[in-house]
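No value in this document is a laboratory result; all are computed from the given coordinates. Predicted, not measured: the structure shown is a model, and the values here were computed from it. Backbone-built Cβ (ideal geometry, glycine too); neighbour counts: all protein chains shown.
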Amino acid sequence: MTPRRGRTLAGMIKLTFCLRRRPELSREGFQAYWRDTHAPLVASLAETLQIRRYVQLHSLPAKASAAVRASREAPEEYDGVAELWFDSLDAILENGRRAEARAAAARLLEDERRFIDLARSPLWFGEERVVVG
């Protein structure tokens with residue numbers, strides 16, 4: 001998607017959501033649901049929620065990251081990371097004032113409860129500061 005009013009993605013507000021799967025799901029089952037069921041739902045609600053970009057980062061099997069995690073004494077890994085871009089904090093706040101956007105957000109949360117361990121999945125808003133590239 002192209003940002004409105006000529007803005008670059010770097011100047012936008014990003015929601016970063018570090019996902020851990022529900023305990024009864026395998027990594028493969030979690031990622032399949034996220035990719036094949038949840039992603040189309042997000043795409044269908046993107047305009048209503050003023051989402052300008054949505055990216056899923058699926059983690060590789062645990063063995064792929066084991067050595068680098070051990071070298072840093074890192075905590076348990078995430079099953080994936082979702083990144084959502086918005087034009088501004090005002091756009092995000094505006095969503096909270098619009099009934100249509102509140103209903104769309106409730107649909108997303110209802111679906112997230114099916115596959116994400118929400119209590120163990122931190123999320124936050126931030127602004128990118130590009131250092132390389």
Once you place label points 7 Å from the Cα toward the Cβ at residue 107 and residue 130, how far apart are they in nm?
3.3
Computed over the chain: relative contact order in percent, which uses C-alpha pairs under 8 Å that are six or more apart:
49
Farthest toward the dipole's positive end in the chain, which of 109, 55, 91, given Cβ charges of +1 (Lys, Arg) and -1 (Asp, Glu) about the Cα centre?
91
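Out of all Cα-Cα pairs in the chain, roughly what percent, to the nearest whole number, are more than 27 Å apart?
25
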Per-pair calculated FRET efficiency, R0 = 25 Å: residue 18 and residue 63 via Cβ, rounded to 0.05:
0.80
If amide hydrogens are placed 1.01 Å from N in the peptide plane, which non-local residues have theirs closer than 5 Å to the one on residue 19?
79, 80, 81, 82
Report the residue, chosen from 55, 81, 68, that carries the largest GNM mean-square fluctuation when the chain is represented by alpha-carbon nodes joined by springs under 10 Å.
68
Taking the Cα centre of the chain as origin, work out the dipole magnitude from +1 charges on Lys and Arg Cβ and -1 charges on Asp and Glu Cβ, in debye rounded to 20.
160
Quickly rank 70-78, 45-53, 101-109 as a protection proxy: mean count of other C-beta atoms within 10 Å, highest first.
45-53, 101-109, 70-78
Sequence of 124, 34, 85 once ranked by neighbouring C-beta atoms within 10 Å, starting from the fewest
124, 85, 34
